[in-house]
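Below is one structure, written out as structure tokens; the observations come after it.
The values are calculated or read from the model by the stated rules, or taken from the named source; none is laboratory data. Source: prediction; values computed, not measured. Neighbour counts run over all protein chains shown; Cβ positions are idealised from the backbone, glycine included. Keep in mind that these areas ignore ligands, DNA and RNA; they rest on the heavy atoms of the full protein, side chains included. Shrake-Rupley method; radii C 1.70, N 1.55, O 1.52, S 1.80 Å.
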Amino acid sequence: MSEDYTRALVETLREAFEREGLDRWIAYAPSRVPLRVRPTVFTSPDELDNLIFNGFCVQNLAGYLKHHPEGRVGVLVKGCDRRAINVLIQEKQVSRENLFLAGIPCPGMLSRTRLLEEFPGLQSDQVEESGETVTVRTPDGPRTLSRDDMLLPTCRSCHHRIPEDVELLLGPPPFAAPEAEMDFSAEVGPIGEMPRNQRAALFADELSRCILCYACRNICPLCYCDTCFTDVNQPAWMTPALEPGNIFFYHVNRMMHMAGRCVACGSCEWVCPEHIPLRLLYGKITADVAELFSYEAGLDATLPQPLSHFSEDDPDEHIG
Amino acid sequence: MERTPQVAKEAWEPRIVAFLCRWCSYAGADLAGVSRLSYPPTTRVILVPCSSRISPYHITKALMAGADGVLVSGCHPGDCHYLTGNLVARRKFIVLKRLLAYLGIEEARVLFSWISASEGEEFAELIREITEKVRAVGPFRGFLREETRDTHV
Ligand code: SF4
Ligand code: SF4
Ligand code: FES
């Protein structure tokens, strides 16, 4: 069933590639790493045979636009890729006219970590997605899991799965989790209500595992500065030495840079080698921006961003 | 870069880095000085062009480098020399303040205020007030060091 879907998808995209005279198509191809796919820039319609779409297509593809500014580019977008592109348009990093977007109603991505915990050594070809289930072929026979249970944490609270304002809206994949019921602030709220000490201990615990590899920054579709504040040396704000000060400085300032921009695609948390629950950090910023300025990132490319903007009657409870 | 306070609790005095905008708050501090108002010698003033010059970098860096508290002060809304600098700063600061509190930094360590050039007495009072606030939460022992906090108060 999902092979048919992929074949139809390839044909649709190939047709659009030729018809629109695109220079490139950004989508996913299979990877040799288990339970991963490879974000790929396809440069000719023939290469599309290799295209794949499944529950492991987590990495946000908007990130590949920032490195390929010229030409007319097609992108296969899920809800979060589309929203990240809106942010890039707001920031004049890409122009809408150069893009041909094929939107895919997102089925919700799967947590590689959870699957590997449950089935150590699992390979991609042992996983079969269909309807609301994921079936894993194990040596002791198949095991069927609910897709909802295996979702990536960030996808559990996503309410923007269907990409808007696209040139081509594709049919939904034959596998999908039910629409999310949780809100992104469901996890952040309770932490905010914990006693300060416990909160501090929680983040000290989680963040002290950080090895400052900057993978979360590198994968983020919205981090594109030529010189990141982590790397400037006049003045050097921080160093890559693994000290709590540097780690804290990095995260706080990166979070501030994401305020009103983060589209909660989950790529950063997904890539973190230390399994740091970064959604708890970016979710906080997103919740505050929503509460204070009634703004959600990536929904409308024509709006100004909340932190480069102001209103006369902004909250001033913090001014002593 | 982390500071290990060597001083005994009794001898400890808060160290507060105060970023004051050139057009209002710095002049307010100056007025407090020429009016010979007394306030605790806990602040290290850094002159900046406008409150909007201050980014989260400066605030977190000051804490990282050993400050116990940070104050950012600028002109009242409507009075900014650059018209709207302080209004943009106001948005940035509320997000930062909430974020730091969420991560477990005591709220009293990061303070914002508006002080005009004629508010010498208000400036002196502000410093008295924030000195007590920071004193109440004690020395800052560095980020992500929960085990060492709260043992001193
Ligand atoms: S900060 Fe993380 S969740 Fe937010 S847009 Fe960047 S990669 Fe995605
Ligand atoms: S990916 Fe994880 S370990 Fe690497 S810098 Fe980001 S939070 Fe730290
Ligand atoms: S000049 Fe004082 S806040 Fe802008």
Of the residues that make up the stretch A:197-205, is at least one within 30 Å of A:ALA102 (Cβ to Cβ) and open to solvent by less than 40 Å² (accessible area, probe 1.4 Å)? no
When every residue in the stretch A:288-300 that is closer than 17 Å to B:LYS92 by Cβ and open to solvent by less than 20 Å² (accessible area, probe 1.4 Å) is compared, the one farthest from the other protein chains (Cβ to nearest Cβ) is A:ALA297
Pairs returned, first residue in the stretch A:201-221 that is within 13 Å of another protein chain (Cβ to nearest Cβ) and in a helix (DSSP H, G or I), second residue that is of a type in the set (A, V, I, L, M) and more than 14 Å from ligand 1 (Cβ to nearest atom), beta-carbon separation under 8 angstrom, 6 or more apart or interchain, are A:LEU202/A:ILE191; A:LEU202/A:MET194; A:PHE203/B:LEU103; A:PHE203/B:LEU144; A:ALA204/B:LEU144; A:LEU207/A:ILE247; A:LEU207/B:LEU144
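In the stretch A:199-211, is there at least one residue being within 13 Å of ligand 1 (Cβ to nearest atom) and out of contact with any helix residue (DSSP H, G or I) (no Cβ under 6 Å at 6 or more places or on another chain)?
no
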- Query: Being more than 22 Å from A:GLY260 (Cβ to Cβ) and in contact with a Lys or Arg (Cβ under 9 Å, 6 or more places away or on another chain), is that true of even one residue in the stretch B:85-94?
  - Reply: no
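Looking for whichever is under 17 Å from the mean Cα position of the chain (by Cα), in a loop (DSSP other than H, G, I, E, B) and among the aromatic types (Phe, Trp, Tyr) here; the options are A:TYR282, A:TYR224. Which one fits?
A:TYR224 is the lone residue from the list that is under 17 Å from the mean Cα position of the chain (by Cα), in a loop (DSSP other than H, G, I, E, B) and among the aromatic types (Phe, Trp, Tyr).
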In the set B:PRO49, B:PRO77, B:PRO40, the lone residue that is closer than 20 Å to A:PRO235 by Cβ, touching a residue at least 12 places away in the same chain (Cβ under 8 Å) and not hydroxyl-bearing (Ser, Thr, Tyr) is B:PRO49
Of B:LEU96, B:LEU103, B:LEU87, the only residue that is at the interface with chain A (Cβ under 7 Å from one of its Cβ atoms) and within 16 Å of ligand 2 (Cβ to nearest atom) is B:LEU103
Across (1) free of Cβ contacts under 8 Å to residues at least 24 places away in the same chain; (2) surrounded by 16 or more Cβ atoms within 10 Å (Cβ to Cβ), A:VAL232 clears everything bar (2)
Residue hits (the stretch B:49-81; within 13 Å of the chain's Cα centre (by Cα) and within 9 Å of ligand 3 (Cβ to nearest atom)) are B:SER51, B:SER73, B:GLY74
With criteria (1) open to solvent by less than 40 Å² (accessible area, probe 1.4 Å); (2) among the basic types (Lys, Arg); (3) touching a residue at least 40 places away in the same chain (Cβ under 8 Å), A:ARG254 comes up short on (3)
message: So for the stretch B:109-124 (the condition being free of Cβ contacts under 8 Å to residues at least 40 places away in the same chain and either within 16 Å of the chain's Cα centre (by Cα) or open to solvent by less than 30 Å² (accessible area, probe 1.4 Å) (or both)), does at least one residue qualify?
response: no
